1. Considering only the other residues whose Cβ falls under 15 Å of the Cβ of F35, what net charge follows from Lys and Arg at +1 and Asp and Glu at -1?
2. Grab the Cα-Cα distance for R112 and D24, subtract it from 0.36 nm times how many residues apart they are, and report the gain in nm with one decimal.
3. Need one word for the stretch 81-129: rounded, prolate or oblate. Basis is the Cα gyration tensor (sqrt eigenvalues a ≥ b ≥ c); a/c below 1.5 gives rounded, then a/b vs b/c decides.
4. Within 14 Å, Cβ to Cβ, of G160, how many net charges do the neighbouring residues add up to if Lys/Arg are +1 and Asp/Glu are -1?
5. Considering only the other residues whose Cβ falls under 11 Å of the Cβ of F173, what net charge follows from Lys and Arg at +1 and Asp and Glu at -1?
6. Tabulate in residue order the Karplus-calculated ³J(HN,Hα) for the stretch 37-46, using 6.51 cos²θ - 1.76 cosθ + 1.60 with θ = phi - 60°, rounded to whole Hz; enter x for Gly and Pro.
7. Got a sec? Charge dipole of the chain, +1 on Cβ for Lys and Arg, -1 for Asp and Glu; which of A135, L39, Q83 is way out at the positive end?
8. Could you list which residues have their amide H under 5 Å from that of Y87, counting only those 5 or more apart in sequence or on another chain, with H placed in the peptide plane?
Amino acid sequence: MGKLIYAAITSLDGYIADTAGNFDWSTPDAEVHAFVNDLERPIGTYLLGRRLYDVMKVWDTFYGQDGLPKEMEDYAAIWHQAQKIIYSTTLSEPGAANTRIEPTFDPDSIRRLKAEATTDLSVGGAELAGQALKAGLVDEIHLLMSPVMVGGGKRALPDGASTSLELLEQRRFGNGVVHLHYGVKVD
């Protein structure tokens, strides 16, 4: 059985993008990027909303390129090898290997996917992760808190989701980013 993990890089005030949709303040340095790669390495399947997929599909073009920083080359390989399920009503073709499109996020199908998985799964995109959190599907949360406040924008955690968490791990990086790893308690 696989765990469903939500990971996000957020501002200190809890946003993944500011009011203009920018997230350039969240670009990880080499130390944080290498750490994120290690978090992502056990992921066998990514569950993504269309907007996050639009951002992440650049990693398909990075795969196999020469001259990239080591951390980028490593992540491109991690991304390339994983299965990707994109939840979208507007995409009809995935445009990349190991990728399929689903029109709706169905909690029961995710429960089956978790039960049958031999690797962990990741849910990405704040709206999709919010649906998974509200449905009680998320097992762990990783937040990488950037030392910046953006004052508003797209929240990393949804309104209306209520659950108890257990702090499993924390780490501080040289650039001021703090990683918080929580387990979701089953009530």
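Readers should treat all values here as calculations from the given coordinates under stated rules, not as data from a laboratory. Since we're looking at a predicted model, the values are computed, not measured. Counting neighbours? That spans all protein chains shown, and the Cβs are built from the backbone with ideal geometry, glycine included.
1. On the way: positive: R41, K70, R171, R172; negative: D29, E31, D38, E40, E71, D74, E169.
Once positives and negatives cancel, what remains is -3.
2. Details: separation 88, 0.36 × 88 = 31.68 nm, distance 3.59 nm.
Stretched fully, the R112-D24 segment lengthens by 28.1 nm.
3. Oblate, because a/c is 1.5 or more while a/b does not exceed b/c.
4. 0
5. 0
6. 4, 5, 5, 7, 3, x, 6, x, 9, 9
7. A135
8. Amide H neighbours of Y87: L48, G49, R50, E102.
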